[in-house]
Each structure stands twice: as structure tokens, then as C-alpha cells.
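Quick notes on the structure that follows.
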Amino acid sequence: MNNYYDRSKLDTYNYNNNNYNKPMYSKDENPNSLYDPYEGFIRGNLFKNLYNGYKLKNPIDIEPLNEQADLLTYIDAFSFAAHDISLYLDIYPKDPDMIQLFNKYKNETNRLVKEYENKFGPLFANSNADMRVPWAWSKSPWPWEK
Amino acid sequence: MWIYEKKLQYPVNIRKKDLKMAKYLLSQYGGPDSELSASLRYLNQRYTMPDDKGKALLTDIGTEELAHLEIIATMAYQLMQGATIDEIKNAGLGGMFAQHDSGLFPTDAMGVPFTTAYIETSGDHIADIESDMAAEQRARATYEHLMDLTNDPDVLAPLSFLRQREVVHYQRFKELRNYYLDNKI
């Protein structure tokens, strides 16, 4: 953990959904609860009953190297949470609680993306950010670069 | 269509060079149960899914697998950064270097080039989804083997993330298959 990263900030984003029941869940699995977006993100899984760490005793925290990576971690976490819920909704499209949660995480992702793009440049090829000179899309680092 | 996001689905910051691990990771870059196979398999099968559930799930998971392909490529790229010729030879990557230098090229961990024969499309939605369930299980097993091969937390973290995604995808495919069988679709 480094100085840029303050885990306590993530509490702001805790939607207290620890006992979130999913009424549409199929009969062959237990109704379960969801991790919050960050805890789900570092596990690669929002659904508590589907998680096991294999050889990891504990999930590994993200250690952002700078402010840009720090903000990106929030975006990663919320967009991951929305995505994992979207796969669930593909199968259970009539679950109103999960659709509400999807909207919440999606809106939070959009808010964070706007903040990120204002500070660090476009994150999407079809970004809504106003483009200035010089053209910022091509600017390093690219995702595979450190 | 697809829109590029200039970020990884899960961040990769590998500090320690490890050419052997880079070679092993190719299993998930261009191997039979690789992210490339998975993505192309689902994106081809989606056209013959019988309803919206199947079309949506295969489109969304097929798209996510492309993001996983990018994570694996990034890991291999970073693990090979700054490698010397001797290190490349010692890791068993000399043949790879002769043909591709340090350019990424989809093969499995033993250098067998990617083939579309890995893409299972039968036109039968139950057969396709059951093969997808099996593919997710094989990929999960491969990620466990890869996790057995390293103790570097920089490598383990993204591998663990990717392994869990296989678990979630398997679950959703299983739910879709059960839904079709229960409803005689």
C-alpha cells in the first residue's frame, strides 16, 4: 500500500448491500450476498458464494503507483461490478433489485470516468471528453505499459 | 461493433522479469482453452442462440474474453521486458525469437500455433453451451496450473482474477443451459 491510495475513501462507495438477496437465483444454488465493488473487483467475482481463492489465502489489494492509477482503480471496481451484474441480468432479466444496483454502479462509473478524463485524457475511443490540441487519445501510457 | 477502452479490465504491473512464466502464459494466449479461443468460440456461437438470454450472454462473455486476452498479452509482454538473448534461449523461447523477435504471437505454451480448430461451433445451442461450460472448467484448471508455477504476487493477482472469471462464466453458462432444458427450448 502506498501514499496515494486511501482505502477508507472506498467506504464512501459502500452501498451496504452485504445481505443482498437475489430472488431470481436458480434453485440449485444458495441465495447469497454480494461483495462491494472493490472487494468484488480484487476477487474477480461479485458473488460471495462463487468465490474461492485457490492458493491465495487473501485476495491481493491493488497498489496504484500514482494518482492516475488510483482513480482508475475506482473506475475498474465500479465498471467491473456493473459488468458482473450485467452477466447475471442476461439470465435473470426481471430482477428489479439487481437492475437498480446495475444502474447505481453504472452511474458511479460514469461520474468517475468524467473526473478521470478531465484530469488525464480520454479513456474511451468514443469518449465524451472535449478534445484539445495536441490529440490526447494517442498519448502514452497504453494499457500494457507500466 | 466494438469500442476500445484504453485500460485493462484488471491492472498489470509486473516488476520482475520471468521469461519461463511468459512462455507458460502463452497457454492462455493461443492455446486450446485460451482467451482467444474462448472469445472467438462465443462470438461465433451467438448467432445460433435461440433467445435473447443466449444471444446476450455469449455476446457479453465473448467480449469480456477479449479483455482477458489483452491482460494475458500484457503479462507476457511485461515479463519479457529487457530480456537478453541468453535469457530468451534459456527459457526455451529461442525458436519464438527466431520467428517473431519479441513480437507477441498466439501459440500455446509449447509453441503450437493457434488454430481455429479450437473454436467449437455446432449450431446446436445445447451442445454449444455444454462445450462452453467444459471450456470454462478447462481454463479454470489451466489458471490453477499457472498459479502453481509462480509465487510472484504481481503475476498471481491477475491470474487469480482471471481464474475467478472462469468460475463466474461457468455458472452463467450452467444457468443458461438449465433454463433451456427446464423450458424445453
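Here, each number is a calculation from the coordinates, and none is a lab measurement. Note that this is a predicted model, so its numbers are computed, not measured. All Cβ positions, even for glycine, are placed from backbone atoms using ideal geometry, and neighbour counts span all protein chains on display.
The charge dipole of the protein assembly as shown, taken about the Cα centre with unit charges on the Cβ atoms of Lys, Arg (+1) and Asp, Glu (-1), comes to about 260 debye, rounded to the nearest 20.
Remark: the residue A:133-residue A:68 segment gains 21.3 nm on full extension, using 0.36 nm per residue and subtracting the alpha carbon distance.
Ignoring lysines fewer than eight residues from residue B:89 along the same chain, the ones with Cα atoms less than 26 angstrom from its Cα are A:146, B:16, B:17, B:20, B:23. Residue-wise HN-Hα couplings along the range A:138-145, as the Karplus relation 6.51 cos²θ - 1.76 cosθ + 1.60 with θ = phi - 60° gives them from phi, are 7, 6, 5, x, 7, x, 8, 8 Hz; Gly and Pro carry x. With θ set to phi - 60°, apply the Karplus curve 6.51 cos²θ - 1.76 cosθ + 1.60 along the range B:93-107 and write out the HN-Hα couplings as whole Hz, x wherever there is a Gly or Pro. Values per residue, Gly and Pro as x: 9, x, x, 4, 4, 4, 8, 10, 6, 9, x, 6, 9, x, 10 Hz.
In the protein assembly as shown, a dipole from Cβ-located charges (positive for Lys and Arg, negative for Asp and Glu) runs towards its positive end, and of B:103, B:40, A:131 it is A:131 whose Cα lies farthest in that direction.
In chain B, taking the dipole from charged Cβ atoms about the Cα centre, the farthest positive-side position among B:176, B:85, B:58 is held by B:85. What the phi angles of the range B:59-75 give under the Karplus curve with 6.51, -1.76 and 1.60, with θ = phi - 60°, is a coupling list of 5, 6, 6, x, 5, 4, 4, 5, 5, 5, 4, 5, 5, 4, 4, 4, 5 Hz, glycine and proline written as x. From least to most packed, judged by other beta carbons within 10 angstrom and beginning with the fewest, B:27, A:33, B:122, A:86 follow the order B:122, A:33, A:86, B:27. For residue B:107, nonlocal amide neighbours, meaning residues 5 or more places apart or on other chains whose placed amide H falls under 5 Å from its own, are B:30, B:114. Of the two radii for chain B, the radius of gyration is 1.01 times the Kirkwood radius, both from the alpha carbons; that is the Rg over Rh value. Taking a ≥ b ≥ c as the square roots of the eigenvalues of the Cα gyration tensor, the range A:43-93 is classed as oblate, since a/c reaches at least 1.5 and a/b does not exceed b/c. Under 5 Å between amide hydrogens, built in the peptide plane, is the criterion, and for residue A:33 it picks out A:48, A:49 among residues at least 5 positions away or on other chains. Listed by chain and number, the lysines whose alpha-carbon sits under 20 Å from that of residue B:55, ignoring those within fewer than 8 places in the same chain, are A:94, B:174, B:184.
Seen against the Cα atoms of chain B and their longest principal axis, helix B:153-182 is set at about 20 degrees. About the centre of its Cα atoms, the range B:48-107 shows a dipole size close to 140 debye [charges on the beta carbon of Lys, Arg (+1) and Asp, Glu (-1) only; nearest 20 debye].
Cα axis of helix B:125-148 to longest principal axis of chain B: angle in degrees, 0 to 90, nearest 10? Here the helix axis deviates by roughly 30 degrees. Against the main long axis of the alpha-carbon atoms of chain B, helix B:35-45 sits at an angle near 20°. Beyond 31 Å, the tail of the calculated P(r) for the protein assembly as shown holds 33 percent of the Cα pairs.
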